[in-house]
1. Of 198, 247, 16, whose Cα points farthest to the positive end of the dipole of the chain (charges on the beta-carbon: +1 Lys, Arg; -1 Asp, Glu; origin at the Cα centre)?
2. Using a simple charge model, +1 on the beta-carbon of Lys and Arg, -1 on the beta-carbon of Asp and Glu, nothing else, what dipole does the range 25-87 show about its Cα centre, in debye to the nearest 20?
3. Considering Cα pairs under 8 angstrom that are at least six residues apart, work out the relative contact order of the chain and quote it in whole percent.
4. May I ask for the distance between the Cα centers of the range 305-324 and the range 26-84, given as a whole number of Å?
5. Take each of the peptides 61-74, 168-181, average the number of other beta-carbon atoms within 10 Å over its residues, and list them starting from the highest.
6. Find, to one decimal place in angstroms, the Kirkwood hydrodynamic radius of the range 199-260, where the mean of 1/r is taken over every pair of different Cα atoms and then inverted.
7. Pick from 111, 208, 221 the residue whose mean-square fluctuation is largest in a GNM of the chain, springs joining Cα atoms under 10 Å.
8. Return an integer: the convex hull volume of the alpha-carbon atoms of the range 86-183, in Å³ per residue.
Amino acid sequence: ILNSHTLKNNAKVAVLGAAGGIGQPLSLLLKNSPLVSQLTLYDIAHTPGVAADLSHIETRAQVTGHIGPDQLGAALKGCEVVVIPAGVPRKPGMTRDDLFNTNASIVATLTDACARNCPEAMLCIISNPVNSTVPIASEVLKKHGVYNPNRVFGVTTLDIVRANTFVAELKGLDPARVNVPVVGGHAGKTIIPLISQCTPKVEFPVDTLTALTGRIQEAGTEVVKAKAGAGSATLSMAYAGARFTFSLLDAMNGKEGVVECSFVRSEETECKYFSTPLLLGKHGIEKNLGLGKLSAFEEKLVADAMGELKGSIKKGEDFVLNMK
């Protein structure tokens with residue numbers, strides 16, 4: 001017998017940047033999901049091959065590949081969720097902000113196409129620097145008069161996944177059962193793990209807590225260094241991007257109580273955009289659950305992050321203001 005969920009599990013999802021280091025494994029995970037009925041892949045090269053390859057997998061999602069700007073509109077028509085991992089990866093010695101000029105233009109162009117072709121879609125932005133690309137996407141949507149702050153998400157899920165893994169390692173727990181909210185932004189010291197709100201409850205001496213927090217904040221750089229010029233976090237990011245997308249699809253299908261942290265338009269702090277736990281629903285953000293109770297250690301982390309976060313947000317907004 002069909003339950004109500006089966007009837008609605010017909011999402012059309014687009015991946016923009018589908019042939020890249022994150023895009024390919026992310027597309028594989030989405031193809032593997034019963035939540036997705038149509039998967040459209042877009043990139044500036046190699047997409048037909050990736051689409052042909054994935055199309056042979058014995059799951060029901062219909063896969064189409066779209067290549068180059070002329071085919072971008074077709075990739076987006078009718079999409080309910082658009083995931084954007086497009087852009088250049090970090091190399092050793094680079095900050096996420098060093099990617100700004102290239103990725104800012106890419107995100108602006110892709111969001112412009114979303115505004116024209118699927119103005120009501122949920123946008124999940126992975127392209128770094130997320131602290132600036134989310135404001136960029138928002139300002140582009142505003143220019144088109146289709147901005148809905150409940151539908152634009154900066155995907156910070158990898159920070160949560162890492163925090164869960166590292167806490168579990170230190171405490172000998174099953175990482176699948178650990179849940180650490182991570183708030184703030186998605187770069188360096190703007191990444192703020194709320195260890196005091198971890199479930200199950202965990203405690204660490206202050207030196208361990210400081211080291212753990214630093215490791216979570218710099219975990220991306222750990223991977224960039226280990227790959228020694230061959231890229232940045234792609235497989236773990238694909239996992240995290242898929243996790244966030246599946247949560248969103250579940251919530252859109254009517255599943256209740258779905259909570260994920262994400263970098264979104266926010267009134268929770270003095271920053272215009274801020275990541276906090278969000279209750280997701282049929283129309284995107286149903287309720288911002290806010291920061292909750294912070295420890296003194298965490299309050300200082302939040303205070304210390306504000307300057308950098310505001311600067312990154314303004315940089316993104318200014319980019320769209322000055323666009324030709």
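Values in this text are rule-based calculations from the coordinates and carry no lab data. Quantities reported herein were computed from a predicted structural model and do not represent experimental measurements. So basically every Cβ, Gly included, is an ideal-geometry build from the backbone, and we count neighbours across all protein chains shown.
1. About the Cα centre, the residue reaching furthest to the positive side is 16.
2. 120
3. 17
4. 31
5. With the highest mean Cβ count within 10 Å placed first, the list reads 61-74, 168-181.
6. Taking every pair of different Cα atoms in the range 199-260, averaging 1/r and inverting gives 14.5 Å.
7. Result for the chain, Cα springs under 10 Å: 208 fluctuates most.
8. Spelled out: Cα convex hull of the range 86-183, divided by residues, is 116 Å³.
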